[in-house]
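A.B. asks: Questions regarding the structure given below will be posed in turn.
Each reported figure results from applying straightforward, stated rules to the coordinates on display, with no laboratory input. Keep in mind that what you see is a predicted model, and the values were worked out from it rather than measured. Every residue, glycine among them, receives a Cβ derived from its backbone with ideal geometry; neighbour counts consider all protein chains shown.
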């Protein structure tokens, strides 16, 4: 029986789960979008917003089937990639990392906006955010921080824990300059969750980041990670006592 939006699922994408679960995550996030609330907090604050259309579950499944059938080189990143490692929140978009050449293999993905190495488009009813490998760090992630996540129907190339951390740390300085507090909170929270659960070696990741961000930004990122590692160490000692 196909899942419906009324059924309750843990917000996670474990190995072997159907792509229907992935599609349900997108639909659940759409249903919770405050832009759909009549006279909700966001509309009262910012005025009427265009309501996004519902992502149809079969469209999300078709997207990943086409990527596999056409042998498109890509990585699943962002919120859906996080859910292959941890329990978390719903996410409205499919985030993919790929090259411009790979993108050309999927003309059904209609690009609506592009700024530098980022693009946003639609595959039928599904919103897709793209990170393009013309950015040198994104290219490194695509080549060295890729794994496979097995769904019931097919395997999806997915960023490793280290790859996700790299992308989120790279994004943080820009988000800070934009004062985008909501996304800063989410980004830092994701990094700290992966740090606590998987304890990746951060030295090599900082060595890679050093080539792609300002020294002052790298210093601030190291401080964030160091503070979190110290906090976890204190909590561990306290638990032992």
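A.B. asks: Roughly what would the spin-label model give for residue 101 and residue 199, points 7 Å off Cα along C-beta, in nm?
C.D. replies: A separation of 4.1 nm, rounded to one decimal place.
A.B. asks: Under Stokes-Einstein, with the Kirkwood radius over Cα pairs standing in for Rh, what whole-number D in µm²/s applies to the chain at 4 °C and 1.567 mPa s? Display every interim value, and only then the final one.
C.D. replies: Values: Rh = 19.2 Å.
Here the translational diffusion coefficient equals 68 µm²/s.
A.B. asks: Related question: If you find the alpha carbon centre of region 126-148 and of region 176-218, how far apart are they in angstrom?
C.D. replies: Centre-to-centre distance over Cα atoms comes out at 16 Å.
A.B. asks: Express as a percent, rounded to the nearest 5, the fraction of DSSP beta bridges in the chain (both residues included) that run antiparallel.
C.D. replies: 80
A.B. asks: To test your reading of the geometry: what angle, between 0 and 90 degrees and rounded to tens, separates the Cα axis of helix 181-198 from the longest principal axis of the chain?
C.D. replies: Roughly 70 degrees, rounded to the nearest 10.
A.B. asks: Below 8 Å between Cα atoms, with a sequence gap of 6+, how large is the relative contact order for region 104-160 in percent?
C.D. replies: Worked out over region 104-160, it gives 19 percent.
A.B. asks: If you don't mind, there's one more thing I want to ask. Suppose each label sits 7 Å from its Cα in the direction of the beta carbon; what would the residue 228-residue 140 distance come out to in nanometres?
C.D. replies: 1.8
A.B. asks: Within region 166-193, what residues put their amide N at less than 16 Å from the label point 7 Å along the Cα-to-Cβ vector of residue 219?
C.D. replies: Counting backbone N atoms under 16 Å from the label point, the list is 173.
A.B. asks: Using helices alone, what [θ] at 222 nm do you get for the chain, with -39,500 (n - 2.57) per DSSP H run of 4 or more residues, divided over all residues and rounded to the nearest 500? Present the calculation step by step, with values, prior to reporting the outcome.
C.D. replies: Values: 10 runs with 121 residues, N = 241.
After summing the helix terms and dividing by the residues of the chain, the value is -15500 deg cm²/dmol.
A.B. asks: Place the peptides 118-125, 220-227 in order of packing, highest mean first, counting for every residue the other Cβ atoms within 10 Å and averaging per peptide. Don't jump to the answer; show the numbers that get you there.
C.D. replies: Details: 118-125: 16.9, 220-227: 14.2.
Averaged packing, sorted descending, gives the order 118-125, 220-227.
A.B. asks: Quick check: the angle from helix 161-177's long axis to the longest principal axis of the chain, C-alpha only, nearest 10 degrees?
C.D. replies: 90
A.B. asks: Counting only Cα atoms, I'd like the Rg/Rh figure for region 160-241, Kirkwood definition for Rh.
C.D. replies: With Rh from the inverse mean 1/r over Cα pairs, Rg/Rh is 0.99.
A.B. asks: Using only Cα atoms, find the angle between the long axis of helix 19-32 and the longest principal axis of the chain, and express it within 0 to 90 degrees, rounded to the nearest 10.
C.D. replies: 90
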